[in-house]
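Notes to accompany the following structure.
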Amino acid sequence: MAEETLLLELQFPDAQRVFNRLYYQRGGRYAEDFTTATSRGPRLAYAEAKDFYSYLCELHKAGELPDVIRVLDLGCGNGNGTAFFLDKLKELDEKGKTGFFGRVECTLADFSPQMLEDAKKSRHLRTYRDITSFMHTDVETLSLPGDGYLLVRSNELFDDLPSQMLVFKGDHFNDVRLAMHLPQRIPLHMKDGRRLARQDFARMARHLERGLSAVDGSFVKHLELEVIRRKAIPDLTSILLLLDDFVKMPEGMTVPVPLAAGATVLQLLPYLHKRARIDAFDYGFNSLGELKKLQPAIFRTPGALTTFVNFPYLVRIAKLAGFRRAKVEPQAAFMGKKGKEADEHFYHLRIER
Ligand SMILES: C[S@@+](CC[C@H](N)C(=O)[O-])C[C@H]1O[C@@H](n2cnc3c(N)ncnc32)[C@H](O)[C@@H]1O
């Protein structure tokens, strides 16, 4: 008899919830599986810091610069990107003798305790220990210390966040579920070393139980994913936000709907200063033509289970939520000389209050 390998089957967003939570237990070792723009060098963080510094000068001139300049790094990872950003901001402030840097307070947030531990241990970041603090939070149930953040920055977080994968079928939609297969020879364990029965893990994962955080996630790298398409009813907001695209879309096309990234933008609102900016950098698409080019490999492993970010959807969400401006710009120029093919799909989403 063929070996029974099915561990569990989940809707795509839940599969991302379970898979990524277990995956990022590896802490900064994710860099062994894939590189982020940050791990490829400081260019992106430097460019963002330069831009933010000009913004601080502008606010200062207009008498609108807050006494404390609060910066939040969401999905901070090992903190290298934050450290690069602070390096450049400090350098520009010293050159300009503007005295802004002494007013900066920076919070690094992540849902992975191991990742936060790695960030805390970073020697580079430790040079900023007087102005940095760490927050363990899942952006899906965002909880932050204080409010009045002037800048929220995030690099390659949104593509990790749960998205619905809708498949346009002309007169109806399907969506994607993932069957996760794991060879029987790979055992499951709790972090304390106890063996975990497959059916117990599957039950916990189906209910997204809190106890999942006690599971040793090292097996996720051995999972094989099988795509299953089922008839789906998308939520009304998604239909409304994507209507313009659907009328032009060929049948069979898969559209990622970034439900959790959209919700994150909304959840940030009460935490923001009245002149705040959100800068999110990620792989994604900014037109239907580009989405077509990315088919069918619209979601990816190895590494975390990621999707290309639907930027037009996020721009529409931001405008609905009352943000003043939201725009998307390609970033390949800041990705370093050894560009990857995917760099042409790397974008900066800026949302302004
Ligand atoms: C690809 S890494 C990028 C890390 C870092 N920003 C960089 O540029 O190197 C994504 C980060 O987002 C975090 N993350 C993923 N999902 C999250 C969630 N729901 N809430 C908070 N952090 C999350 C992961 O733990 C990881 O540190």
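Once you place label points 7 Å from the Cα toward the Cβ at residue 136 and residue 266, how far apart are they in nm?
Computed distance between label sites residue 136 and residue 266 equals 2.8 nm.
Quick one: dipole size for the chain, taken about the Cα centre, charges +1 on Lys/Arg Cβ and -1 on Asp/Glu Cβ, in debye to the nearest 20.
Here the chain has a charge dipole of around 460 debye.
For 189, 273, 136, what ranking results if the residue with the fewest other Cβ atoms within 10 Å of its Cβ goes first?
Exposure proxy ranking, most exposed first: 136, 189, 273.
Can you check what the net charge comes to around residue 102, using other residues whose Cβ is under 13 Å from the Cβ of residue 102 (Lys, Arg +1; Asp, Glu -1)?
Surrounding charge for residue 102 is -2.
Expressed as an acute angle from 0 to 90° and rounded to the nearest 10, what is the orientation of the C-alpha long axis of helix 80-96 relative to the principal long axis of the chain?
Tilt relative to the chain: about 10 degrees.
What's the whole-number percent of alpha carbon pairs in the chain lying beyond 30 angstrom?
The share of Cα pairs beyond 30 Å in the chain comes to 39 percent.
Which of 213, 89, 141 sits closest to the plus end of the dipole of the chain, meaning its Cα is farthest towards the positive end, when Lys and Arg get +1 and Asp and Glu get -1 on the C-beta?
So the residue furthest toward the plus end is 89.
Can you give the FRET efficiency to the nearest 0.05 for residue 97 and residue 209, using r as the Cβ-Cβ distance and R₀ = 41 Å?
Efficiency, rounded to the nearest 0.05: 0.15.
When 248, 120, 90 are ordered from fewest to most other Cβ atoms inside 10 Å of their Cβ, what list results?
The order, fewest Cβ neighbours first, is 248, 120, 90.
Of the DSSP beta bridges with both residues in the chain, give the percent that are antiparallel, rounding to the nearest 5.
60 percent
If we count other beta carbons within 10 Å of each Cβ, what is the order of 57, 106, 76, fewest first?
In order of increasing Cβ crowding within 10 Å: 57, 106, 76.
Could you pull out the pairs from 274/319; 221/292; 61/97 whose alpha carbons sit more than 21 Å apart here?
Violating the 21 Å limit, Cα to Cα: 221/292.
When the C-alpha atoms of the range 227-293 are aligned to their principal axes, what extent does each axis show, in angstrom, from largest down?
Taking the Cα atoms of the range 227-293, the three principal extents are 43, 25, 25 Å.
Quick check: convex hull over the Cα atoms of the range 174-246, volume per residue in Å³, rounded to an integer?
Value for the range 174-246: 135 Å³ per residue.
Which three extents, in angstrom, do the Cα atoms of the range 198-353 have along their principal axes, listed largest first?
49, 40, 37
Say each of residue 4 and residue 171 gets a label point 7 Å from the Cα, pointing the same way as Cα to Cβ; how far apart are those two points in nm?
3.9 nm
Mind pulling the angle between the C-alpha long axis of helix 12-23 and the longest principal axis of the chain? Nearest 10 degrees, somewhere in 0 to 90.
Compared with the principal axis, the helix lies near 70 degrees.
State, to one decimal in nm, how far the label point of residue 243 lies from the label point of residue 198, with both points 7 Å from Cα in the Cβ direction.
According to this spin-label approximation, the distance is 4.7 nm.
Dividing the Cα convex hull volume of the range 1-80 by residue count, how many Å³ per residue is that?
Dividing the Cα hull volume of the range 1-80 by its residues yields 152 Å³.
Taking R0 as 56 Å, what FRET efficiency do you get between residue 184 and residue 324 from their Cβ-Cβ distance, rounded to the nearest 0.05?
Efficiency, rounded to the nearest 0.05: 0.50.
How big is the range 267-310 on each of its three principal axes, counting only the C-alpha atoms and giving the largest first in Å?
Reported extents, whole Å, longest axis first: 40, 26, 15.
At a threshold of 8 angstrom on Cα-Cα distance, excluding pairs fewer than six apart, so keeping six or more, what relative contact order does the chain reach in percent?
That works out to 22 percent.
Fully extended, how many nm does the chain gain between residue 233 and residue 295 (0.36 nm per residue separation, minus their Cα-Cα distance)?
Between residue 233 and residue 295, full extension yields an extra 20.2 nm.
Just report the Cα centroid separation between the range 263-318 and the range 46-75, whole Å.
Cα centres, the range 263-318 to the range 46-75: 23 Å.
Please report how far the C-alpha centroid of the range 107-134 lies from that of the range 225-253, rounded to the nearest whole angstrom.
Cα centres, the range 107-134 to the range 225-253: 39 Å.
If we sort 77-83, 64-70, 42-48 on the protection proxy, mean other Cβ atoms within 10 Å, highest first, what's the order?
Most protected by this proxy first, the peptides run 77-83, 42-48, 64-70.
Every number in this text was worked out from the coordinates using simple rules, so none of it is lab data. What you see is a predicted model, and the numbers here were worked out from it, not measured in a lab. Neighbour counts are summed over all protein chains in view; Cβ atoms, including those assigned to glycine, are modelled from backbone coordinates with ideal geometry.
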